[in-house]
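The values are calculated or read from the model by the stated rules, or taken from the named source; none is laboratory data. Quick caveat: nothing in here was measured; it's all calculated off a predicted structure. Every residue, glycine among them, receives a Cβ derived from its backbone with ideal geometry; neighbour counts consider all protein chains shown.
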Amino acid sequence: MHEARWFVLAGVAAYMVALSLVSFWSLRYSRNAGSYTSGTGHGQRTIPAALIGLLLMSEFIGTTASVGTAQYAYQYGISAGWNIAVLGIGFLIFSFLLARKYKELGENTISGVLDRTYGPRVKVATSIIMIFALQIVAVSTYASGGAVLAPLLGVDRKLGTIVMGALAAIYVGVGGMRSVIYTNVIHGVVIFTGIFFALWFGVDQVGGWQALQAKVPPEFWSLTKVGWPQIIAWLVAGAGATFATQYVIQAIATVNDGGKARVASVFASLYLIPFGFAAALCGMCALVLYPDVAPLQAFPSLVSGMDRLLATFVVAGLTAAVFGTISALNIGTATLLLKDFYLPITKRDAEHPRSLLFVRAATVLVGVLPLLLALFAADVVKVTFLAKALRASLAVLVFMAFYSPRFGTRTGAIISIALSLIGTIGWFLAGNPFGIDNAYVALAIPLVVMTLSHLFGGKPVAGPLSAKAR
């Protein structure tokens with residue numbers, strides 16, 4: 001057993017080293033802060049839409065996606081797969097309604113998009129709420145990743161969390177968005193393949209599909225056992241996170257045109273939907289094979305029974321899930337800090353050498369801060385859903401900006417963001433009173449406030465969004 005763990009640990013270490021080499025190779029594409037945060041520039045090759053789809057998927061498949069979905073499936077069955085599948089539905093909607101518009105607008109920050117319609121105050125408020133939401137996800141990712149991977153690798157949880165976090169922060173800090181593009185495509189392939197390896201192993205150990213169907217309680221095969229209110233809440237929060245996530249906009253900005261942005265989003269959907277239900281089936285296999293473990297240990301228990309080579313690949317996939325999510329969060333947060341705070345305050349442009357120095361330092365810093373919090377807050381997996389809900393409130397304003405820019409007022413927009421932040425977090429901390437999920441609160445507040453501001457707030461905002469600044 002000890003020898004097997006060393007084999008797995010060596011394999012994961014080799015994977016990390018390979019990622020670092022890719023990041024250093026990407027250094028040549030980060031000549032200034034602009035190319036560092038966009039990953040695009042003169043002479044750079046375009047990336048196929050199928051790979052951009054993997055890039056889009058990468059932020060949403062952290063350990064809470066595989067391990068967390070398997071945990072819910074251990075308790076509720078196949079319906080837990082909706083936890084991730086709704087993100088695929090969100091990307092499908094995104095592909096038809098927003099992907100082309102985001103690309104053609106020419107912005108690579110969510111705050112920049114809303115600034116076009118609602119002004120600089122909303123830009124700053126949007127940036128703050130987005131940074132807050134991304135850091136919440138980072139803390140959760142570090143904590144859950146460390147808790148799950150440490151036992152599999154045979155290392156201390158805190159040590160494992162520190163090593164993973166430091167490496168992720170450094171390799172993104174070196175190569176910027178281009179390194180995120182390359183490494184997260186690799187992450188996407190590894191974790192996507194790994195989850196199906198785990199499913200294949202689990203089904204084989206149970207005795208085949210028919211044996212799995214016979215040994216799992218019949219109600220666990222219901223697609224709605226987790227409950228329609230929970231599924232709809234997942235859809236609201238998940239779709240909202242898809243529509244208004246900083247990293248998604250940056251990934252869309254790397255493609256050539258609106259048509260390719262739409263195709264890439266469809267590919268992301270095609271990856272996420274089967275991934276969600278495959279993770280749920282892994283949890284159901286674990287229920288049959290390990291009926292007495294804690295639900296959170298469903299997926300790790302399944303992996304622990306694999307042979308060394310297969311286990312190494314799957315654990316590398318779990319590590320990839322942590323790295324993929326963290327790198328997306330780091331580059332997204334650093335880009336917001338650069339464009340919405342550093343450049344306006346210093347009056348410099350993205351070509352200035354100190355701008356590149358700042359954004360590199362910011363990328364490392366925003367990777368380290370949540371890492372420190374995660375060491376003392378292991379039980380934070382649930383707040384990832386809160387972060388999605390917060391982004392859902394911004395998604396409402398994004399839809400209004402693109403499809404009804406004259407609805408509401410700029411003051412209404414800034415009040416919407418402030419009340420959404422306070423109201424959604426307060427509702428979450430209160431335990432979702434009356435059984436109403438905080439995702440619904442995040443959705444309702446901007447709708448109500450913007451409607452009231454439109455009716456009673458005076459002069460509405462003017463002009464549709466276009467690629468040219470007003």
- Enumerated helices (runs of 4 or more DSSP H) restricted to the stretch 288-371, each holding at least 2 residues that are crowded, with 22+ Cβ neighbours inside 10 Å and modelled with pLDDT of 85 or more: 298-304, 308-337
- Task: Answer yes or no: is there a residue in the stretch 256-266 that is surrounded by 24 or more Cβ atoms within 10 Å (Cβ to Cβ), polar (S, T, N, Q) and touching a Lys or Arg at 6+ places or on another chain (Cβ under 9 Å).
- Result: no
- Scanning the stretch 205-224 residue by residue, the ones that are surrounded by fewer than 17 Cβ atoms within 10 Å (Cβ to Cβ) and within 31 Å of the chain's Cα centre (by Cα) total 5
- Message: Against the condition within 18 Å of Trp221 (Cα to Cα), touching a residue at least 60 places away in the same chain (Cβ under 8 Å), among the aromatic types (Phe, Trp, Tyr) and crowded, with 24+ Cβ neighbours inside 10 Å, how does Phe275 come out, does it pass?
- Response: yes
- Item | Exclusive hit being modelled with pLDDT of 90 or more, among the hydrophobic types (A, V, I, L, M, F, W, C) and surrounded by 15 or more Cβ atoms within 10 Å (Cβ to Cβ), set Ile425, Ile415 | Ile415
